[in-house]
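Enquirer: One structure, pasted below without further comment.
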Amino acid sequence: MAAEDAKFIRDKVMAHNKWFEECIPMIASENLMSPLAKEMLISDFADRYAEGLPGKRYYQGNIYVDQVELKAIELAKKVFKADFADVRPISGTVANMAVLFAFANPGDTITTCALAQGAHISTCEFGAFGQRGVNSVNYPFNVEDMNLDVDGTIKLLKQVKPKIAQFGLSVFLFPPPLKELQDTFNEVGCLVWEDCAHVLGLVAGGQFHDPLREGVNIVSSSTHKTFPGPNHGMILGQNLTDEQEKKVQKAVFPGVTSSHHLHAMAALGITLAEMDVFGKEYAAQACKNARALGEALYELGVPVLCPDLGFTRSHAIAVDVSQFGGGKDCAQLLEDANIICNKNMLPSDTSSVRPSGLRLGSQEMTRLGMKESEMKEVASLIARVVKKKEDPKKVKEDVKELKKQFATIQYCFNAGEPAYGYHRLVE
Ligand SMILES: *Cc1c(COP(=O)(O)O)cnc(C)c1O
């Protein structure tokens, strides 16, 4: 019986793999790892512990783990031109918790973006921020530009004098206006923190914006969204004092992790090395593709937010499907056609269960080699399902046909290898 249960699970995982091979995945927070990075996940690192820092571990057996961690830190500093990096947080949320543990006490005030305007749940009242007991105050938001209202934000910062000004979104179309806020940060004397989970790969490739050059002291992030690494996290710092750096390290361990998932850390190191070489080309293409997708959908009569601003400067676009049955139904129809995306609240929405939007990301299909012309094809497939209400099963056949031509991974050392193949540790 137990063997059958194991077989059941393996069969389902294999079925999922096969399904995704035939899908166009457009969830803006997902990506495909490179074959070399993926191989690290089945190494013996997966079975080990390495509490503490390289050279100062609580366990024996970390000779090679230490070398890998030091190399990953060195690469992170290089790729992001940061003067501090901690590669141990095991996810973006855990990285956020570590920053909170390091710099915020219950009762402190942190200014943040609001959930309805695209913030992540971890930075909201009922997420990690609220559970840490911090008092979070939301910036005013300009729906037209899908960005912060600069004058209102300056006023708010001066008024509440936060300990930390925090930025970052999960529907992250345009960079935050940090340059315009710089003087106010200095006047208020707050720490500036950006959660770059969605856009880390773009930042690594010199797109979107460069937070550490725009006054940000602390970047927290996931490493598996536009940054095509393992499910893991990372913290970067700039102009922190030694004491602040130590606070971050202590908050990561023993604050919010014990094991830091050594296999994922090794995979992160490999992805950093690959982004150092291929990041620029990949990030530029992902941004061009998102814009092309927005343009094509808009021309096909599917409303995309911010047409006057070129739809987006990131990998993501926000689509208003309220006139086509809403986000929930449209996302389901698209899944029936093997186009995978998620329903999303738009700033005017009040219900997160029946929102009027879809969020679409270009990054994963960019990794598989799609360019602007293929984005037009994808837009047409989406419009056939969402607007023309063609039978999704029929559209699915065309989706599979298109996907067949994009079955290998690009922008990495083993470019051209099958994206959904098996990656074994062999010499
Ligand atoms: C996805 C996301 C996170 C959480 O990342 P996990 O790695 O899933 O914990 C945090 N912040 C933002 C802005 C995100 O988009």
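Enquirer: Could you tell me how many of the residues in the stretch 332-359 are at pLDDT 95 or above and open to solvent by 40 Å² or more (accessible area, probe 1.4 Å)?
Expert: 5
Enquirer: Next question. May I ask you to say which residue of ALA283, ALA251, ALA296 is outside the structural domain of TYR59 (by TED's automatic domain parsing) and within 30 Å of CYS190 (Cβ to Cβ)?
Expert: Details: ALA251 fails: outside the structural domain of TYR59 (by TED's automatic domain parsing); ALA296 fails: within 30 Å of CYS190 (Cβ to Cβ).
Criteria check complete, one pass: ALA283.
Enquirer: Separate question: Could you run through the stretch 93-105 and say how many residues are touching a Ser or Thr at 6+ places or on another chain (Cβ under 9 Å) and either open to solvent by 10 Å² or more (accessible area, probe 1.4 Å) or without any contact (Cβ under 8 Å) to a residue 12 or more places away in the chain (or both)?
Expert: Taking the stretch 93-105 and keeping what is touching a Ser or Thr at 6+ places or on another chain (Cβ under 9 Å), we get 93-99.
Next, from what is left, pick out any that are either open to solvent by 10 Å² or more (accessible area, probe 1.4 Å) or without any contact (Cβ under 8 Å) to a residue 12 or more places away in the chain (or both): 93-94, 97.
Adding up the residues that qualify gives 3.
Enquirer: Inside the stretch 125-135, can you point out the residues that are within 14 Å of the ligand (Cβ to nearest atom) and touching a strand residue (DSSP E or B) at 6+ places or on another chain (Cβ under 9 Å)?
Expert: PHE129, the sole residue that qualifies.
Enquirer: Pairs only if they're at least six apart or on different chains, beta carbon under 8 angstrom, first in the stretch 48-69 and farther than 18 Å from GLY255 by Cβ, second aromatic (Phe, Trp, Tyr) and surrounded by 13 or more Cβ atoms within 10 Å (Cβ to Cβ); list them, first residue then second.
Expert: Taking only residues 6 or more apart or on different chains, the pairs are TYR59/TYR49; VAL65/PHE45; VAL68/PHE45.
Enquirer: If you take the residues in the stretch 115-133 that are under 14 Å from the mean Cα position of the chain (by Cα) and not aliphatic (A, V, I, L, M), which one is modelled with the lowest pLDDT?
Expert: The first filter runs over the stretch 115-133 and keeps only residues under 14 Å from the mean Cα position of the chain (by Cα), leaving 118-122.
Narrowing the set further to residues that are not aliphatic (A, V, I, L, M) leaves 118, 120, 122.
Numbers: GLY118: 88, HIS120: 93, SER122: 91.
Among residues in the stretch 115-133 that are under 14 Å from the mean Cα position of the chain (by Cα) and not aliphatic (A, V, I, L, M), the one modelled with the lowest pLDDT is GLY118.
Enquirer: Out of ASP145, ASP108, ASP83, I need the residue that is in contact with a Lys or Arg (Cβ under 6 Å, 6 or more places away or on another chain), of a type in the set (Asp, Glu) and open to solvent by 10 Å² or more (accessible area, probe 1.4 Å). Which one?
Expert: Values: ASP145 fails: in contact with a Lys or Arg (Cβ under 6 Å, 6 or more places away or on another chain); ASP83 fails: in contact with a Lys or Arg (Cβ under 6 Å, 6 or more places away or on another chain).
One residue alone meets the criteria, ASP108.
Enquirer: Can you list the helices (runs of 4 or more DSSP H) found entirely within the stretch 22-124 that contain at least 3 residues being more than 16 Å from the ligand (Cβ to nearest atom)?
Expert: On the way: elements: 35-40, 63-80, 92-103.
Answer list for the stretch 22-124: 35-40, 63-80.
Enquirer: Limited to the stretch 400-426, what total is found for residues that are in a strand (DSSP E or B) and surrounded by 14 or more Cβ atoms within 10 Å (Cβ to Cβ)? Walk me through how you get there before you give the answer.
Expert: To start, the set of residues in the stretch 400-426 that are in a strand (DSSP E or B) comprises 408, 418.
Now narrow it down to the ones that are surrounded by 14 or more Cβ atoms within 10 Å (Cβ to Cβ): 408.
Residues flagged as in a strand (DSSP E or B) and surrounded by 14 or more Cβ atoms within 10 Å (Cβ to Cβ) within the stretch 400-426 amount to 1.
Enquirer: Identify, by number, the condition in (1) under 21 Å from LEU300 (Cα atoms); (2) free of Cβ contacts under 8 Å to residues at least 12 places away in the same chain that VAL386 doesn't meet.
Expert: Looking at each condition in turn, VAL386 falls short on (2).
Enquirer: Filter the stretch 148-185 down to the residues that are without any contact (Cβ under 8 Å) to a residue 24 or more places away in the chain and not in a loop (DSSP other than H, G, I, E, B), then identify the one that is least open to solvent (accessible area, probe 1.4 Å). Step through it out loud before you land on a result.
Expert: Going through the stretch 148-185, the residues without any contact (Cβ under 8 Å) to a residue 24 or more places away in the chain turn out to be 149, 151-152, 155, 159, 183.
Cutting the leftovers down to not in a loop (DSSP other than H, G, I, E, B) gives us 151-152, 155, 159, 183.
Details: ASP151: 117, GLY152: 19, LYS155: 147, GLN159: 140, ASP183: 118 Å².
Here the residue is GLY152.
Enquirer: Does the stretch 270-280 contain at least one residue that is closer than 20 Å to ALA119 by Cβ, open to solvent by 20 Å² or more (accessible area, probe 1.4 Å) and more than 16 Å from the ligand (Cβ to nearest atom)? Spell out the reasoning first.
Expert: Going residue by residue through the stretch 270-280, those that are closer than 20 Å to ALA119 by Cβ are none.
Within the stretch 270-280 (the criterion being closer than 20 Å to ALA119 by Cβ, open to solvent by 20 Å² or more (accessible area, probe 1.4 Å) and more than 16 Å from the ligand (Cβ to nearest atom)), the answer is no, since none of the residues qualifies.
Enquirer: Tell me, please, whether a residue that is within 22 Å of ALA197 (Cα to Cα), assigned by TED's automatic domain parsing to the domain that holds VAL216 and at pLDDT 95 or above can be found in the stretch 16-28.
Expert: Checked the stretch 16-28: no residue is within 22 Å of ALA197 (Cα to Cα), assigned by TED's automatic domain parsing to the domain that holds VAL216 and at pLDDT 95 or above.
The values are calculated or read from the model by the stated rules, or taken from the named source; none is laboratory data. Everything quoted here is computed from the prediction, not taken from an experiment. Glycine also receives a Cβ, built like all others from the backbone with ideal geometry; neighbour counts cover every protein chain displayed. Side chains included, ligands, DNA and RNA excluded: accessible areas come from the protein's heavy atoms. Shrake-Rupley method; radii C 1.70, N 1.55, O 1.52, S 1.80 Å.
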